[in-house]
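What follows draws every value from the coordinates through simple rules; no lab data is involved. A quick note: this is a predicted structure, and the numbers were derived from the prediction, not measured. Counting neighbours? That spans all protein chains shown, and the Cβs are built from the backbone with ideal geometry, glycine included.
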Amino acid sequence: MKFSMRFIFVVLISFILVKNSYSQGFLKTEGINIVDEAGNNVLLRGIGLGGWLVQEGYMLQTSSFANAEHEIKSKILDLLTQEQFDEYYAAYYKNYVDEADIDKISEWGFNSIRLPMHYDKLTPRDKPGEYIEEGFKQIDNLLEWCEKNELYLILDLHAAPGGQSDEPISDYDSRYSSLWESEGNKQRTIDLWKTIAERYSDKKWIGGYDLINEPKWELGSNNEQLRDLFVKITNAIREVDTNHIVFIEGNWFATSFNGLENPWDDNMVYSFHKYWNANDNGAISYLLTLRTQQNVPLWLGESGENSNSWFRDCIKLMEDNNIGWAWWPHKKIESIAGPLSAIKSDKYEYLLKYWKGEVSKPMNAYAYAALMEQAENLKIKNCIEQKGVIDAMFRQINDVSLIPFNDHQIPGRIFCTEYDYGPKGYAYADADYENISGSVSNSGWSFRNDGVDIEACSDQITNGFNIGWINSSEWLKYTVNISVTGTYSVSLRVSGYANNGKARIKLDDISITTYKDIPSANGWQNWVDVSLGEVELPKGEHTISIQFFGKDFNVNYLNFDLITSVDEIKSELMEDYLHQSYPNPFNSQSTIKYSISKDSQVKISVYNTIGELVEKLVDGFHVKGNYETKWDATGFNSGMYFIRLETDAGYQATKKTILLK
């Protein structure tokens, strides 16, 4: 994949604008703002390290049979010896997040990291009051990497003792008492936070403490238990640490703050989570009211798992309302919805099939090799970087310009999935572009994370993917470099059943072909070429768009073949010639190129459909050579016109053009 210098420049500028220079000092609250030590407003732009210290089944593709961490570990231990099990998890933790990951997070433009923690990495399940130095060392290392990159680290208790919800994300195990059903579990949570705070009380790049992730339990209409536990944790922290913010999440997946009004600490933030709903003020109005009434800042502590278009709109909504955010997560296996995608190995795929009951149990050596190979694939150097995700989250918030996905040269082939980076409505249009209340944002869920529907392609010539699920009025745009002015034949590679399917091409947003019918290929992966006609293309950097009508067809690539170039005509000058004007159709100004083979008197005129002369463009003597003129049709009505070339040597030629306004 190639990226232009323009891409690098724009991303660099965006990074400089986004990554503010902070005074090193403790974050604190000041009214509804989070500020640094100098009193400057700090808008947290963070990423969550989900899946690292708290495993979740969907990130590892085990959710259909093992969702919670203890379930996942049980499946793995059934295949490995204890020694192999320990070796695998050592590799897993080392490779999932290391210093290179944190360097890259900073490079992308984030200024903070949210660390989901499992309590049993810090204190043994069966040994209250004891603590695990190795677990704290993982946090220490992460903090050191954050300090080097000037990233605030927010510690999040993602799995509390017993589980704060009956969901796998808290590693809940129904065989034991939950957090809310055990006073012992509550006390362990309080003690753990006091121990954490005592250890990091003087660390200025600790951004704060996210006390309990996504509580979900029936705790009464006013969440009395939740408030009571939060108050006790806060008091315990303040005994050893008066420096750091405490982040308070509401009940029911951090959405309900009933009973949590009237803040009990003067350095406190309400943290909410937002998934799969609309990106407008109505969706957060109750939170804005809470902020105003309580004079306490808001933080979107977790969001993501949607399309790039939704990402852009959500982040813009947050920042327009002075709300910081933390995205979820930075890495998963086979992910297009996050910055990093770990490749799934064939051996690991076999393990998944075994756990699903589809294949026989693998030998111990095979299972160990499969898991160690998959752990190796978690290293950032082995992951696929989803540049479109980062572009949507940072640059596209304030910049709607297009950045080429690839170096598209004409003449040549353009794979349809390699449309430009840019927001919906600028780089592409798609009928289903975001997941709101369970709607589909990307039917194929492959290759890229925009609303554009992309799937695996089995054509002989392919980049591995094609556009599918096409609907009327959808389109894609490509920045191209046309190497020579000339006449080109354009074809489109299609498959499917073409229910009234049609396609047309635009040059710089002006149609240069009419809609051409797409025939049925009698199969979703049966591929045929369809001619879209001949077009005149000018040399230089331009945009080419393909627009669709109808449905039930797929597209693989556009192909542009040069038929005749102006340079060829110029070198030969064998005959007089009037080129097709371009763009055609056009909406205001059209370019007309023509060649004169010998010195002549030349006229170029424009006529309407009833043969009336409407404008004379050229009337004068020409020496032999190649020429061009322009017709500014600003004052003319839409319709068909005829451009006529005449010379005193007897040459006459007429070309049709269409003015669209």
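In the chain, the longest principal axis of the Cα atoms and the axis of helix 308-320 are about 70 degrees apart. Placing unit charges on the Cβ atoms only, positive for Lys and Arg and negative for Asp and Glu, gives segment 402-565 a dipole magnitude near 180 debye about its Cα centre. Taking Cα atoms only, the orientation of helix 183-200 departs from the longest principal axis of the chain by about 70 degrees. Using alpha-carbon positions, what is the distance between the centroids of segment 400-452 and segment 362-383, in Å? Result: 32 Å between the Cα centres. In terms of the mean number of neighbouring beta-carbon atoms within 10 Å, the peptides 551-563, 179-191 order highest first as 551-563, 179-191.
The helix-only estimate of mean residue ellipticity at 222 nm for the chain, built from DSSP H runs of length n ≥ 4 each weighted as -39500 (n - 2.57), is -8000 deg cm²/dmol after division by the residue total. Classification of segment 480-636 by its C-alpha gyration tensor yields a prolate form. The axis ratio a/c (a ≥ b ≥ c) is 1.5 or more, and a/b outweighs b/c. Note on semi-axes √(5λ) of the Cα gyration tensor in Å: of the candidates (1) 59, 28, 21; (2) 48, 42, 23; (3) 35, 29, 27, the value calculated from this structure sits at (1). When the Cα positions of 625, 647, 637 are compared along the charge dipole of segment 573-659, 637 comes out farthest toward the positive end, with charges on each C-beta of Lys, Arg, Asp and Glu.
Of the beta bridges in the chain, as assigned by DSSP with both residues counted there, near 70 percent are antiparallel. Note on 393, 268, 372: ascending count of other Cβ atoms within 10 Å places them as 372, 268, 393, the fewest first.
Beta bridges per DSSP, both residues in segment 131-286: antiparallel share near 10 percent. Summing charges over all other residues whose Cβ lies under 9 Å from the Cβ of residue 345, with Lys and Arg as +1 and Asp and Glu as -1, gives -2.
The charge dipole of the chain, taken about the Cα centre with unit charges on the Cβ atoms of Lys, Arg (+1) and Asp, Glu (-1), comes to about 1340 debye, rounded to the nearest 20. As a rough guide to protection, the peptides 161-170, 623-632, 213-222 ranked by mean Cβ packing within 10 Å, highest first, stand as 161-170, 213-222, 623-632. For a 18 Å ceiling on Cα separation, which of these pairs sit above it: 75/361; 104/347; 104/424; 204/379? Among 75/361; 104/347; 104/424; 204/379, the Cα-Cα distance tops 18 Å for 104/347; 104/424; 204/379. By the count of neighbouring beta-carbon atoms within 10 Å, fewest first, 146, 314 end up ordered 146, 314. Remark: 42, 528, 269 ranked as 528, 42, 269, counting other beta-carbon atoms within 10 Å and listing the fewest first. When the pairs 194/332; 332/477; 603/624 are compared against a 25 Å limit on Cα-Cα distance, 194/332; 332/477 fall above it.
Dipole magnitude for segment 548-661: about 320 debye, using +1 per Lys or Arg Cβ and -1 per Asp or Glu Cβ, origin at the Cα centre. Beta bridges per DSSP, both residues in segment 573-659: antiparallel share near 95 percent. Kindly express, to the nearest 10 degrees and within the range 0 to 90, the angle between helix 224-240's C-alpha long axis and the longest C-alpha principal axis of the chain. Taking Cα atoms only, the helix is inclined about 80 degrees. Please label the shape of segment 63-214 as rounded, prolate or oblate, based on the square roots a ≥ b ≥ c of the eigenvalues of the alpha-carbon gyration tensor (a/c under 1.5 means rounded; beyond that, a/b larger than b/c means prolate, else oblate). Taking the square roots of the gyration eigenvalues as a ≥ b ≥ c, segment 63-214 is oblate.
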